[in-house]
Amino acid sequence: MELLLQLVTLFVLAMFIGREILSKVPQTLHTPLMSGSNAISGITIVGALVYAGMDGGSLVKWIGVFALIAATINVVGGFMVTGRMLEMFKKRPTD
């Protein structure tokens, strides 16, 4: 039970610190940061695949499957947002 409390505390602190850091990033740096975030989420997908394929019991497999789904949504959504942001910088044709 003590370990669970420590993990939850760490997660909540990471959320607050992440929000503070990201709120201070200038708009011009969001696209490069998003690309880096997508690369890290790709590594998370590999780790989730390993967990989902482990022979450690039903709980481990379900955690791996959940992590795989969450990381995949994060990667796809990140690439969609990055693509939309890059569209904003394209020059429109003048007719």
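Points to keep in mind about this one:
- Neighbour cut-off at most 10 other Cβ (10 Å), DSSP loop, trypsin sites (Lys or Arg not before Pro), the range 1-70: LYS24
- In the full protein context, the chain carries 85 Å² of accessible surface per residue, based on a 1.4 Å probe and ignoring ligands, DNA and RNA.
- Overall Cα dimensions of the chain, principal axis frame, Å, largest first: 64, 30, 14
- Springs join every pair of Cα atoms under 10 Å in this Gaussian network model of the chain, and among LEU68, LEU29, LEU13 the largest mean-square fluctuation is at LEU13.
- Computed label-point distance, nm, for sites THR94 and MET15 using a 7 Å Cα→Cβ extension: 4.9
- Of all the options PHE16, PHE79, PHE66, the one that moves most in a Gaussian network model of the chain with Cα springs shorter than 10 angstrom is PHE16.
- A Gaussian network model of the chain, with springs between Cα atoms under 10 Å, assigns the largest mean-square fluctuation among ALA14, ALA71, ALA48 to ALA14.
- The range 54-68 - phi-based ³J(HN,Hα) in whole Hz, Karplus 6.51/-1.76/1.60, Gly and Pro as x: 6, 9, x, x, 5, 4, 5, 5, 5, 5, x, 5, 4, 5, 5
- For the chain, a simple Cβ point-charge model (Lys and Arg +1, Asp and Glu -1, everything else neutral) yields a dipole of about 400 debye relative to the Cα centre.
- As a ratio to 2.2 N^0.38 Å, the alpha-carbon radius of gyration for the range 41-88 is 1.42.
- Element breakdown for the chain at a 1.4 angstrom probe: carbon and sulfur atoms account for 74% of the accessible area.
- Net length available on complete extension from LEU3 to THR28 is 5.0 nm, with 0.36 nm assigned per residue and the Cα-Cα distance removed.
- Relative contact order of the chain: 26 percent, from C-alpha pairs under 8 Å at least 6 residues apart in sequence.
- Theoretical ellipticity at 222 nm over the chain - DSSP helices of four or more residues, -39500 (n - 2.57) apiece, nearest 500: -28500 deg cm²/dmol
The values are calculated or read from the model by the stated rules, or taken from the named source; none is laboratory data. Since the structure is predicted, the reported quantities are computational estimates derived from the model, not experimental observations. Ideal geometry is used to build each Cβ from the backbone, glycine not excepted, and the neighbour counts take in all protein chains shown. Calculation scope for accessible area: heavy atoms of the full protein, side chains included, ligands and nucleic acids excluded. Shrake-Rupley method; radii C 1.70, N 1.55, O 1.52, S 1.80 Å.
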